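The values are calculated or read from the model by the stated rules, or taken from the named source; none is laboratory data. None of these values were measured; they are calculated from a predicted model. Methodologically, a virtual Cβ is constructed for each residue, glycine included, from the backbone with ideal geometry; neighbour enumeration extends over all protein chains shown.
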Amino acid sequence: MAETTGPAADVLPGSDMNAPLLEVEDLRVEFAVRGRRIPAVRGVNFALEQGKTLAVVGESGSGKSVTSQAIMGILDSPPGFVTGGEVRLRGVDLLQQDEETRRTVRGNHIAIVFQDALSALNPVWSVGFQLGELYRVHRGAGRRAAEQKAIELLDQVGIPDAKNRVGHYPHQFSGGMRQRVMIAMALALDPEVLIADEPTTALDVTVQAQIMRLLRRIQDERNMGLILITHDLGVVADVADDVAVMYAGQIVERANIHDVFARPAHPYTKALLRAIPRVDAVGRELEVIPGLPPNPAALPSGCPFHPRCRAADPERCGDEEPPDRQAAEGHLARCHFAEEVYRDER
Amino acid sequence: MGRYVIRRLLQALLTLFITLFLLHYLTALSVQIRGNPALLFFGGERTPDPAMLAQIERLYGLDNTCFDRPGDPCLGPFVERLQNYAAGDFGTTLNGNRDVGELLTIYIPNTLRLFIFSTITLVTLAMVLGTWAARRRGGLIDHSVRGATILIDSVPVFLILLAYVYILAVPLTNWARDIWGAESFMGQVFRPNYNPDYPWTTIIIPGIIVGTVGLATLTRLVRASQLENLGSDFVRTAKAKGLKTGRITVVHVVRNSMIPIVTGVGYTFAFALSGAVLTEGIMGIPGMGRMIFQAVQRQETNLIIVGLTVTAVVVILVTLVVDLLYAVLDPRIRYD
Amino acid sequence: MTELTAPAAGADAPQASLWKDAFRAMARRPDVLFASLIMLFVFTMAAFPGLFTDKDPTRCIGREARGRPETWFRGEHPLGTDAFGCDFAATIVHGTRPTITLALSVIVLSVLIGMTLGILAGYFGGWIDAVISRALDVFIVIPLMMGAILLLSLFRGRGSSGNLLETVAPAAIALTLFGWMEFCRYARAATIETKNLDYVTAARCLGAKDRRIMFRHVLPNAVVPITAIVPTSLGSVIVVEAALAVLGIGVQPPATSWGVLLSNGTQWAGGGYIYLFGIPLGLLILTVFSFATFGDALRDALDPKLR
């Protein structure tokens, strides 16, 4: 893809190629609603290496999409504000950059695939225009060259007859094809980090699998870092390298995917795993997590999960907010009893 | 697309036909109920000689017996009227006996020129104010824009005009003539009445004033559609693509807002036509509006009917153009 | 029929809260409160002119003609006298009733006609819809004021006898005939939307009658968009009445309306008697502005996504 790399746009000033690809440290986001400040993301930490896939899992409202928008710098502000932390791309803290630098980072270095491609694509422009726009704005390509690029991209993401489809409008594509267009748009400038925000939620099950396969193939080919945001642990099992489980604006468990599936160290993760339907357990009733996700404007005291937790110690968990505890090597969980849960004793 | 255009055209023709019939039927009803307008020719109360009356009746196409039966649709005279219109014969004026068709060729271009200025004013003001208000949503500017446009729209256009003619026009003209001279552009533009020697210059101010008709409605529409687009997912996508704010505004917000705005302009056009009646009447612009204005004062029913027919044709055409533009602007519309 | 009440209750609850929310949103806005006060003032003036003046507007003394209001709001003639020596304050106060009666009757009739036709067209579709939609197309082609000009010129009367009904009726009929279309369009759109809602389909499947569905489900939904445009429409009827009066075909003398006062006032505005034009003008603008502001806020309150 060397021919797409422009001279200046591809190297972020001050970046260190030996630094980790993307590090998020103590990221905090608040929303101003009717004069009140409501925390949506409360100190999120994670790191992503080149060629790896990190799955961010959580229920709706847990702050996972807000985290991704804060990383991209496309949070609607107001009402959303990043109130603290760092987002380092190859060692450069993006939150400290001016708007113009952040703008060139978007698309060039970090790109995002949204959930609902029908509303995420502009209905009045052809997909070719919307794809070509990236080359015209970031690379100064002409109309003809941009369209040629758009055809190549559509071809790469497996859209048949790309030459003719390039002039079509979003509503003329099927759901799966539209999501492929969305992915093509994210790949256009060959970014190092790709964020996929629930890329398959709006799709049929069979199409979901195709899209996941496409994402994985692309990541392998281009050696990108991929952040896969989902509410469905089942989807990520055979794609992700690491998992970060989010609850109430925090990452409550972070570890290698095999560790998490084999030995979860947080009661919430454990409950999520039990809620996945399994072929080898036919006849067993699926478990549900009791209660509702917490309201960010009125979080429970202590551990935010304690009202729904089966392993909670009523006194300790209700009063004391748990720190990150290491249940095993590289396996962190935000629970007072992480070790016990890990050993399946609680 | 071709079939859609043809279908819309046929629909427009049907509407025009029914409208013409409605106008005709109302005229017939008025003759049947109120009595013969030919009597007006003789100046009201006097009873004219029956032979002369019959002649006049023939002249104005009122000799059919259907005009004596209340409720009769008078289809015969209707067909006759349509044939006359098709042949370009719109009758003559009672006052001065001039050919109405000839008058129309003078009047229609004048009104069109008035509308060029009013449409430009309306669209520019509404776009600028609506965009501004949308950006400052909920703030002081948003409320001020809303209040100001409602206020401007609340003042009937003929009152703005009267206030202008009686209060502002003369001092402004005198001031401008002292500086630039009477024959200059500035010396003419503020005149309180139309001057046929300066057909473009002296129509600007009335055009701008007619352009305030529907300002609140259109500004509101611009604001709402921009807000909808500003908060949309595709604008978020555009931001994520690293586009500059200016490009996002033009390519992704304004372009998408054009769809409701085109409809809005078409819709306010009909109201602007009403505004033109008093505007042209007060400013003395020899256009369609003044024709209707004078026809009302001189009780020339035929002129009113012709004026309304032209109005109807214009509104039908504008609606047609808006529908076709809509199809061009929004690729999601299907033509079948 | 017990099954039928369940979806109906579900439908009524959001309706009730919609109106309650709208009321609450309106009551918080100072501009709405101001507009409401003006509207209240105008309506009171129309209903009880005796509260505002004790003079008879028809008792005119020629030699007191065009007395400028030197003693503003006090004294013998609080707003001076008009061209014939009548008390101007009394003329204005008594001119309010025809103006407001005209506006209200036009809107009430238009809403009734428009809503009935709109609901029928939207609910039954087919040839009923085709006929009503064609009628909509035709009437919309003729702008409100043009239609009124046409009718009032064609059926011009010989001046009224002073009776309120006779004064207002011609203009009211003319304006209604060309004023029902907007209400019809909104009612039709709301009806089509409601008709296809799941709970209405469910009610129909359970055997609810057309009339029941129309009154329980369709009507409450059609009322929302129509209510939202009523205040603004009231304002525009007042404006059109004034325009017709300037043309000399509105409310006929000897009865007065604000439009008639304005039209008479224009003759004197240039000659130094600006109050004869300015006072009715101010009153008209203030009233129309209040209706428009109130209507604008009502629309926002009833359609919260555009706020």
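Which residues, taken from the stretch A:13-33, are under 18 Å from A:Thr83 (Cβ atoms) and either among the aromatic types (Phe, Trp, Tyr) or in a loop (DSSP other than H, G, I, E, B) (or both)? If the condition is that a residue be under 18 Å from A:Thr83 (Cβ atoms) and either among the aromatic types (Phe, Trp, Tyr) or in a loop (DSSP other than H, G, I, E, B) (or both), then A:Phe31 is the only one that fits. Restricting the stretch A:43-96 to residues that are of a type in the set (Val, Ile, Thr) and outside any strand (DSSP E or B) leaves a set whose member that is surrounded by the most Cβ atoms within 10 Å (Cβ to Cβ) is A:Thr67.
Tallying residues that are more than 17 Å from A:Val260 (Cβ to Cβ) and in contact with a strand residue (DSSP E or B) (Cβ under 7 Å, 6 or more places away or on another chain) within the stretch A:303-342 yields 1. Here the helices (runs of 4 or more DSSP H) wholly within the stretch C:193-277 that include at least 2 residues being within 12 Å of chain B (Cβ to nearest Cβ) are C:219-247, C:258-269.
Inside the stretch A:140-193, can you point out the residues that are assigned by TED's automatic domain parsing to the domain that holds A:Arg102, under 22 Å from A:Arg222 (Cα atoms) and of a type in the set (S, T, N, Q)? Within the stretch A:140-193, just A:Gln179 meets the criteria.
Pairs meeting the criteria (first residue in the stretch C:276-305 and without any contact (Cβ under 8 Å) to a residue 12 or more places away in the chain, second residue of a type outside the set (S, T, N, Q), beta carbons under 7 Å, at least 6 apart or on different chains) are C:Ile285/B:Val155. Of all residues in the stretch B:92-100, at least one satisfies being within 28 Å of B:Gln297 (Cβ to Cβ), without any contact (Cβ under 8 Å) to a residue 60 or more places away in the chain and buried (at least 17 other Cβ atoms within 10 Å of the Cβ). Taking every residue in the stretch B:227-254 that is charged (D, E, K, R) and pairing it with any residue that is in a helix (DSSP H, G or I), at least 6 positions away or on another chain, the pairs with Cβ-Cβ distances below 6 Å are B:Asp233/A:Ser119; B:Asp233/A:Ala120; B:Lys241/A:Gly107; B:Lys241/A:Leu134.
Conditions tested, residue by residue: (1) farther than 30 Å from A:Met17 by Cβ; (2) in a loop (DSSP other than H, G, I, E, B).
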| residue | (1), (2) |
| --- | --- |
| A:Asn164 | yes, no |
| A:Arg180 | yes, no |
| A:Ile195 | no, no |
| A:Leu203 | yes, yes |
| A:Arg217 | no, no |
| A:Leu228 | no, no |
| A:Ala240 | no, yes |
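Would you confirm whether or not the stretch B:305-326 contains a residue that is surrounded by 20 or more Cβ atoms within 10 Å (Cβ to Cβ) and among the aromatic types (Phe, Trp, Tyr)? Scanning the stretch B:305-326, I find no residue that is surrounded by 20 or more Cβ atoms within 10 Å (Cβ to Cβ) and among the aromatic types (Phe, Trp, Tyr), so the answer is no.
Checking the structure you have, find out if any residue of the stretch B:171-194 is basic (Lys, Arg), surrounded by fewer than 18 Cβ atoms within 10 Å (Cβ to Cβ) and free of Cβ contacts under 8 Å to residues at least 60 places away in the same chain. Looking through the stretch B:171-194, at least one residue is basic (Lys, Arg), surrounded by fewer than 18 Cβ atoms within 10 Å (Cβ to Cβ) and free of Cβ contacts under 8 Å to residues at least 60 places away in the same chain. Evaluated against (1) more than 9 Å from chain B (Cβ to nearest Cβ); (2) under 16 Å from the mean Cα position of the chain (by Cα), C:Val288 falls short on exactly one condition, (1).
When C:Asn196 is tested against the conditions (1) without any contact (Cβ under 8 Å) to a residue 40 or more places away in the chain; (2) more than 23 Å from C:Ile132 (Cα to Cα); (3) not basic (Lys, Arg), the lone failure is (2). A residue that is of a type in the set (D, E, K, R), away from chain A (no Cβ under 14 Å) and not in a helix (DSSP H, G or I) cannot be found anywhere in the stretch B:150-165.
The residue pairs whose first member lies in the stretch B:54-76 and is among the hydrophobic types (A, V, I, L, M, F, W, C), whose second member is modelled with pLDDT under 70, and whose beta carbons are closer than 6 Å, counting only pairs six or more residues apart or on different chains, are B:Ile56/B:Ala38; B:Ile56/B:Phe41; B:Leu62/B:Ala38. If the condition is being among the hydroxyl-bearing types (Ser, Thr, Tyr) and more than 12 Å from chain C (Cβ to nearest Cβ), then the stretch B:166-197 contributes B:Thr173, B:Ser184, B:Tyr194.
Exactly one residue among B:Gly242, B:Gly266, B:Gly246, B:Gly284 is surrounded by fewer than 20 Cβ atoms within 10 Å (Cβ to Cβ) and closer than 30 Å to A:His109 by Cβ, and that residue is B:Gly246.
Can you say whether B:Pro286 is assigned to a loop (DSSP other than H, G, I, E, B) and either more than 14 Å from chain A (Cβ to nearest Cβ) or in contact with a His (Cβ under 6 Å, 6 or more places away or on another chain) (or both), as far as the supplied structure shows? For B:Pro286, the condition - assigned to a loop (DSSP other than H, G, I, E, B) and either more than 14 Å from chain A (Cβ to nearest Cβ) or in contact with a His (Cβ under 6 Å, 6 or more places away or on another chain) (or both) - is met. Number of residues in the stretch A:134-155 that are part of a loop (DSSP other than H, G, I, E, B) and aliphatic (A, V, I, L, M): the value is 1. Every condition in (1) within 16 Å of A:Gly51 (Cβ to Cβ); (2) touching a residue at least 12 places away in the same chain (Cβ under 8 Å) holds for A:Arg217 except the one numbered (2).
Residues in the stretch B:1-60 that are among the charged types (D, E, K, R) and modelled with pLDDT of 80 or more: B:Arg3, B:Arg7, B:Arg8.
Annotation: A:Ala186 fulfils all but one of (1) within 14 Å of another protein chain (Cβ to nearest Cβ); (2) more than 18 Å from A:Val56 (Cβ to Cβ); (3) of a type in the set (A, V, I, L, M); the unmet one is (2). Here the stretch C:95-143 is the region considered, the condition is being under 30 Å from B:Ile305 (Cβ atoms) and outside any helix (DSSP H, G or I), and the residue that is farthest from the other protein chains (Cβ to nearest Cβ) is C:Ile142. Contact annotation: residue pairs with Cβ atoms under 8 Å, 6 or more positions apart or on different chains, pairing a residue in the stretch C:142-169 that is at pLDDT below 85 with a partner that is in a helix (DSSP H, G or I) and acidic (Asp, Glu), are C:Ser160/C:Glu166. Of all the listed residues (B:Ala312, B:Ala238), the sole one being among the hydrophobic types (A, V, I, L, M, F, W, C) and either farther than 23 Å from C:Glu182 by Cβ or more than 10 Å from every other protein chain (Cβ to nearest Cβ) (or both) is B:Ala238.
Please determine, by comparing only the residues of the stretch A:108-140 that are among the aromatic types (Phe, Trp, Tyr) and more than 19 Å from the chain's Cα centre (by Cα), which one is farthest from the other protein chains (Cβ to nearest Cβ).
Within the stretch A:108-140, the first condition is being among the aromatic types (Phe, Trp, Tyr), and the residues that meet it are A:114, A:125, A:129, A:135.
When the remaining residues are screened for being more than 19 Å from the chain's Cα centre (by Cα), the result is A:125, A:129, A:135.
Details: A:Trp125: 8, A:Phe129: 9, A:Tyr135: 11 Å.
Going through the qualifying residues, I end up with A:Tyr135.
Determine if the stretch A:97-107 includes at least one residue that is within 18 Å of the chain's Cα centre (by Cα), among the small types (Gly, Ala, Ser) and not in a helix (DSSP H, G or I). No: zero hits.
Look at (1) away from chain B (no Cβ under 14 Å); (2) out of contact with any Lys or Arg (no Cβ under 9 Å at 6 or more places or on another chain); (3) surrounded by fewer than 22 Cβ atoms within 10 Å (Cβ to Cβ) and you find that A:Arg180 fails only one, number (3). Once the stretch B:205-228 is narrowed to residues that are crowded, with 21+ Cβ neighbours inside 10 Å and within 16 Å of A:Val124 (Cβ to Cβ), the residue that is farthest from the other protein chains (Cβ to nearest Cβ) is B:Gln226.
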